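This report concerns only the one structure given below.
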Protein chains: 2
Amino acid sequence: MARTGRRPGGGSGTQQAILDAARAAFTESGYDGATIRAIAGKAGVDPALVHHYFGTKEHLFVATMELPFDPTEVLPGLIAPGLDGLGERLVRMLLSIWDNMGDQNPFAALLRSAMTHERAAVMFREFASTAIFGTVMKAIDADRPELRTGMVASQVAGLVMTRYLLKLPAMVEATPDEIVAGIGPTIQRYLTEPLGLPPR
Amino acid sequence: MARTGRRPGGGSGTQQAILDAARAAFTESGYDGATIRAIAGKAGVDPALVHHYFGTKEHLFVATMELPFDPTEVLPGLIAPGLDGLGERLVRMLLSIWDNMGDQNPFAALLRSAMTHERAAVMFREFASTAIFGTVMKAIDADRPELRTGMVASQVAGLVMTRYLLKLPAMVEATPDEIVAGIGPTIQRYLTEPLGLPPR
């Protein structure tokens, strides 16, 4: 019987089939619900082949979203030198990635759809929890690491939103050094300094 | 000749006609481009009647968007007691408004469309510049008031985004007092404290 379309088993065609299946699975089942096994089943390949090409589910997600960087690789590198100055390093890294991505970058698209579609918001939350917040939270050596991580996320999200999505002139025109000087200490405070939280 | 539909000149029907015309004008021409004269023309009424029912263009916009509060009235009240503690007051007011609005609030809809449609982003920027940022900027008695206002906007926007739109668990579960303790000082620093900006 003649077959048309992609032929699983043959290099880049297989990788593309896996990516298509993964994208569909993440959309249908969310980040946590989509399993490598189910993705492999959809793509008509062995789960081992998915791992061979893409590694972990985090890496597969990053590949699916065509993100220009892999937070699971970038973050540990930022954290490695220690907590000292981590706030500034995070902001500078974020700017160096986004400032060079141009307008139609895939992370902006991901964030936009997470803001507007509940299903995409769930997927974003689940991915961010595993691949981003978990890593930051583990690095925090102070009370309330989860709340601190949430506050870091709030300032980072707002920076991205005002500089790249809403494009507020003051935030677009600010130089990276100005943003780092202003916002780096905020992130640093959330990560390491006393927050004066009320007793629980 | 028989007329159907709204009859300009008759109370609430007229007000609704003005609101419909204003909504269309803001969408077509943006916040700055839409004039009271053009809106009145669309609605088939005298411009004076628009002012009579809705006051300034800011107020008309707020009415059009069905916002549950009017930033042009709320902000001056927050600023009046002085810069001391303004960061905490801003955060507490924001939480008290949003926490009580429920999921489908109009400001969230406005923000969502500003994130996804360039035209809505322009309208949001223009309205926010006039009705929100301008008022905050005038209150700032320190260097770089525009950049400081942008940074305030970035933290406020990120708080709204993570607590109400993306719904990150840590930010949803935090009590208002915790958010005020954590984020209030950030806003206060952006408003009044030295930022350590590099020389221009």
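Remarks
- Taken over region B:91-108, the criterion of being touching a residue at least 40 places away in the same chain (Cβ under 8 Å), of a type outside the set (Ser, Thr, Tyr) and open to solvent by 30 Å² or more (accessible area, probe 1.4 Å) is satisfied by B:92, B:94, B:99, B:106.
- Candidates B:44, B:85, filtered to the one that is in the same structural domain as residue B:149 (by TED's automatic domain parsing) and open to solvent by less than 60 Å² (accessible area, probe 1.4 Å): B:85
- Within this structure, residue B:173 fails the test of being open to solvent by less than 20 Å² (accessible area, probe 1.4 Å) and facing chain A (nearest Cβ under 9 Å).
- Within region B:25-52, the residues that satisfy the criterion of being in contact (Cβ under 8 Å) with a residue 24 or more places away in the chain and within 20 Å of the chain's Cα centre (by Cα) are B:26, B:27, B:30, B:31, B:32, B:36.
- Check on residue B:156, assigned by TED's automatic domain parsing to the domain that holds residue B:102, open to solvent by 10 Å² or more (accessible area, probe 1.4 Å) and of a type outside the set (Ser, Thr, Tyr): yes
- Residue B:168 meets the conditions (1) more than 7 Å from chain A (Cβ to nearest Cβ); (2) more than 18 Å from residue B:87 (Cβ to Cβ); (3) surrounded by 19 or more Cβ atoms within 10 Å (Cβ to Cβ) in every case but one. The failed one is (1).
- When residue A:123 is tested against (1) at the interface with chain B (Cβ under 8 Å from one of its Cβ atoms); (2) under 14 Å from the mean Cα position of the chain (by Cα); (3) in contact (Cβ under 8 Å) with a residue 60 or more places away in the chain, only condition (1) is not met.
- Residue within region A:137-150 that is more than 20 Å from residue B:157 (Cα to Cα), more than 10 Å from every other protein chain (Cβ to nearest Cβ) and open to solvent by less than 10 Å² (accessible area, probe 1.4 Å) present: no
- Flag for residue B:67 being surrounded by 14 or more Cβ atoms within 10 Å (Cβ to Cβ) and not in a helix (DSSP H, G or I): yes
- Residue A:188 polar (S, T, N, Q), in the same structural domain as residue A:88 (by TED's automatic domain parsing) and within 27 Å of residue B:113 (Cβ to Cβ): no
- Total residues in region A:158-200 satisfying the condition of being part of a helix (DSSP H, G or I), at pLDDT below 95 and hydrophobic (A, V, I, L, M, F, W, C): the figure is 3.
- Residue match in region A:89-104 (condition: modelled with pLDDT under 75 and within 13 Å of chain B (Cβ to nearest Cβ)): yes
- Qualifying residue in region B:176-197 (condition: surrounded by fewer than 22 Cβ atoms within 10 Å (Cβ to Cβ), within 7 Å of chain A (Cβ to nearest Cβ), in contact (Cβ under 8 Å) with a residue 24 or more places away in the chain and under 23 Å from residue A:176 (Cβ atoms)): yes
The values are calculated or read from the model by the stated rules, or taken from the named source; none is laboratory data. Only a predicted model underlies this, so the values are computations on that prediction, with no experimental measurement involved. Every residue, glycine among them, receives a Cβ derived from its backbone with ideal geometry; neighbour counts consider all protein chains shown. Side chains are part of the model used for accessible areas, which takes the heavy atoms of the whole protein and leaves out ligands, DNA and RNA. Shrake-Rupley method; radii C 1.70, N 1.55, O 1.52, S 1.80 Å.
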